[in-house]
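The values are calculated or read from the model by the stated rules, or taken from the named source; none is laboratory data. Keep in mind it's a predicted model, so treat the numbers as computed, not measured. Ideal geometry is used to build each Cβ from the backbone, glycine not excepted, and the neighbour counts take in all protein chains shown. Calculation scope for accessible area: heavy atoms of the full protein, side chains included, ligands and nucleic acids excluded. Shrake-Rupley method; radii C 1.70, N 1.55, O 1.52, S 1.80 Å.
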Amino acid sequence: MEVPQNILVVDDDPMIVELVADTLGTAGMRVVPCTNSLEALGILDRGGIDLVILDVMMPGIDGFELCCRLRGRSRVPVIFLSAKGEEADKVVGLMSGADDYVTKPFLPRELVARVKSCLRRASYAAEDAAGAREALLACRGLEVDRAGHVARLHGEDLALTPKEFDVLALLLAAGGRPVSTRDLYEAVWGECYLAASANSVMVHIRHLRAKLAEIDSDQVFIETVWGVGYKIAP
């Protein structure tokens, strides 16, 4: 059984906290409610929080300052949820270390989607950190040295762009399991997946296939898994 992820919701309006809790609760998440910044820092110091949803306009320490302080002690994902919707506010929020910015009033399904997207990106980052000791990936003559940022096929260097390199490394690291187009995009591009995002992934997959075929045209390295994404079969 999957363990619910803990979402800290920080807003001085209890009605907003309750609304967000109801919204995320229906998606199987556990909400930790909080109505002031100092209490939020104490909760974060105790650990066990997977993501923070944070208001901007709060008494005392406002959301921007709280996010800066939080970034000094944790890499937990942060989403601002605020009525301040001007472009300048969003820029300040993202510059303070937030991963996303949602304006009030919010659409429940959009908020759930953005929370899940941030959690996925954080999961990939954690996997990359945990796998740093296994920086060399190899399969069927393909070798990717993530530490040295070098990719080779049958000993010949592959001239890849940074995103092509990251896509190839992610597919190899999956060990033959399919990786969805959404997960590829959010892990490599670091942005929320939209319908048009699939085109960016397809273009990079096409370029990768062409560069691999220049060295070895007898094998199909990157396979399409229809309705899912892509894989490199062992």
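Modelling each spin label as a point 7 Å along the Cα-to-Cβ direction, I'd like the residue 213/residue 150 distance in nm, to one decimal.
About 2.8 nm, to one decimal.
Taking only C-alpha pairs under 8 Å that are 6+ residues apart, what is the relative contact order of region 4-110 in percent? Kindly include the intermediate steps, with their values, before the conclusion.
Values: 175 pairs, mean separation 25.4, N = 107.
Across region 4-110, relative contact order equals 24 percent.
Express in Å², to the nearest 10, the accessible area of residue 116 obtained by rolling a 1.4 Å probe over the protein heavy atoms while all chains stay in place.
Around 90 Å² of this residue is reachable by solvent.
Determine the order of 150, 102 by accessible area, beginning with the largest, at a probe radius of 1.4 Å.
Working: 150 45, 102 5 Å².
Greatest to least solvent exposure: 150, 102.
Using a 1.4 angstrom probe on the protein heavy atoms only, line up 7, 16 by accessible area, largest first.
Numbers: 7 0, 16 35 Å².
In descending accessible area the options line up as 16, 7.
Give me the one-decimal nm value for the distance between modelled label points at residue 65 and residue 203, 7 Å along each residue's Cα-to-Cβ direction.
Taking the simple label geometry, residue 65 and residue 203 are separated by 4.4 nm.
Would you mind working out the accessible area per residue for the chain, using a 1.4 Å probe, and quoting it in Å²?
Values: 12360 Å² over 234 residues.
It amounts to 53 Å² per residue over the chain.
Please compute the Kirkwood hydrodynamic radius over region 1-125, one decimal place, Å, based on all pairs of different Cα atoms. Don't jump to the answer; show the numbers that get you there.
Numbers: mean 1/r = 0.0701 Å⁻¹.
In region 1-125 this quantity evaluates to 14.3 Å.
Please give every one of the lysines within straight-line cross-link reach of residue 231, meaning a C-alpha to C-alpha distance under 26 Å, and leave out same-chain neighbours fewer than 8 residues apart.
Hits, sequence-local ones excluded: 116, 163, 211.
Could you compute the FRET efficiency for residue 86 and residue 30, with r as their C-beta to C-beta distance and R0 at 30 Å, rounded to 0.05?
On the way: r = 32 Å, r/R0 = 1.08.
Rounded to the nearest 0.05, the efficiency is 0.40.
If ligands, DNA and RNA are left out, what is the accessible area of residue 217 with a 1.4 Å probe, given in Å² to the nearest 10?
90
What size of dipole, in debye to the nearest 20, comes out for the chain about its Cα centre when the only charges are +1 on Lys and Arg C-beta atoms and -1 on Asp and Glu C-beta atoms?
That gives a dipole near 400 debye.
Which value in nm describes the separation of the simple spin-label points at residue 94 and residue 39, placed 7 Å from the Cα toward the beta carbon?
Going from the residue 94 label point to the residue 39 one covers 3.2 nm.
So what is the relative contact order of the chain, in percent, for Cα pairs below 8 Å that sit 6 or more residues apart? Please report the intermediate quantities before stating the final value.
Details: 340 pairs, mean separation 29.1, N = 234.
For the chain, the relative contact order is 12 percent.
If you roll a 1.4 angstrom probe over the protein chains with everything in place, what fraction of the accessible area of the chain belongs to carbon and sulfur, to the nearest %?
On the way: 6650 of 12360 Å².
Summing carbon and sulfur atoms, their accessible area is 54 percent of the total for the chain.
Near the amide H of residue 158, under 5 Å away, which other amide H atoms are found, from residues 5 or more places off or on another chain, if H is placed in the peptide plane?
151, 152, 153
Got a sec? Charge dipole of region 1-158, +1 on Cβ for Lys and Arg, -1 for Asp and Glu; which of 24, 10, 154 is way out at the positive end?
Value: 154.
Per 5 Å bin, what percent of the C-alpha pairs of the chain does each bin hold, from zero upward?
1, 6, 13, 16, 16, 13, 10, 9, 8, 5, 2, 1, 0, 0
Sorted by accessible area with a 1.4 angstrom probe, largest first, how do 76, 92 fall? All intermediate terms of the calculation are to be shown ahead of the outcome.
Details: 76 15, 92 70 Å².
Solvent-accessible surface, decreasing: 92, 76.
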